[in-house]
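Each reported figure results from applying straightforward, stated rules to the coordinates on display, with no laboratory input. Just so it is clear, the structure is predicted and the values come from calculations on it, not from any experiment. A quick note on method: Cβ atoms are made from the backbone with ideal geometry, for glycine too, and the neighbour counts reach across all protein chains shown.
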Amino acid sequence: MTITNATLTTVPKRQPGCKSHKYDFPPKKTKPTYHDLKKLMFTDGNPKTDKNKHIKDLDQYLIKRLNLAPAKISGFETCASRSEGCTDACLHEAGNPVHMPQKTLGRVNRTLLLFKDTARFIAMATREIRNHEIYCKKHNLKPVIRLNTTSDVMFEKQKFSFMQNFPNVQFYDYTKHFNRMIKYLKGQLPANYHLTFSRNEKNDLKATQVLKAGGNIAVVFRDKIPAKYKGFKVINGDLHDLRFLDKKNVVVGLKEKLTLDEDTGKLQRNYSGFVVDIK
């Protein structure tokens, strides 16, 4: 389903393989469309990505992040390698957007701009990344950009050229695209772009391959983060989100974030296999 200006006035139908979101859109008020966007609104202030501000020697990094609409909420797929388990456990469900419809609408409109008016999206993103770089230089900070906070888009493609145009900005993402991760490990992606492979219940063998090839993987654990996983050292990925500072060949352990069950209104755990139980 492709969402147009007209369909943006209603809640989209449930997409195959994607949870519906009854809180996604403002119910009746006037809704801006992607045509109305003046800026993409790269943001900071995220509880996870801001943790480094309170850690000595890591407070020199300032992260700006881009939030797009995950899965097919917008009508366009932004997480092509997702599984049912990671779709259900998506941070879009765990964070406050399920309670703040306007945020979801903003994410949808940014995504529509990406797919429907790519040139304008690139121009706006380029301007905001440049402003971030200028601000950081003025305040003696190191600029960091996470383009895929709630998506898995291949922004390293030539038509975007964000990394090439800003060699002094550190970009990083998590990804479930195996071939993309292998290209990264072979040094075929821009030097200022760091990737961590994200394990789910469908790509466990590929995650092991990434580890054996010298890469890092992120794994969500149920209640505690173990010292080792598959024989590899596990670090606590909840301490901060500066993944490009991680040593090579480690497992980034993350604790499960409960998501909202839209039918009961209660927080729920994920038992799809996406979350790993350590006995």
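Structure summary
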read-out: Mean-position separation - Cα centroids, the stretch 32-92 and the stretch 152-186, in angstrom; value: 15
read-out: FRET efficiency for residue 188 and residue 130, using Cβ-Cβ distance with R0 set to 35 Å, rounded to 0.05; value: 0.85
read-out: Gain upon complete extension [residue 204, residue 247; 0.36 nm per residue less C-alpha separation]; value: 13.4 nm
read-out: Cross-link table 116/202; 51/186; 176/257; 176/255; 64/138, entries beyond 21 Å C-alpha to C-alpha; value: 116/202; 51/186
read-out: Sequence-distant aspartates and glutamates (8 or more away, or on other chains) whose Cα lies within less than 20 Å of residue 137; value: 44, 50, 57, 59, 128
read-out: Residue 258 paired with residue 212, simple spin-label distance in nm, labels 7 Å along Cα-to-beta-carbon; value: 3.9
read-out: Cubic angstrom per residue, convex hull over Cα atoms of the stretch 16-268; value: 134
read-out: Candidate aspartates and glutamates for bridging to residue 212, where Cα separation is under 19 Å - those fewer than 8 sequence places away on the same chain excluded; value: 201, 204, 246
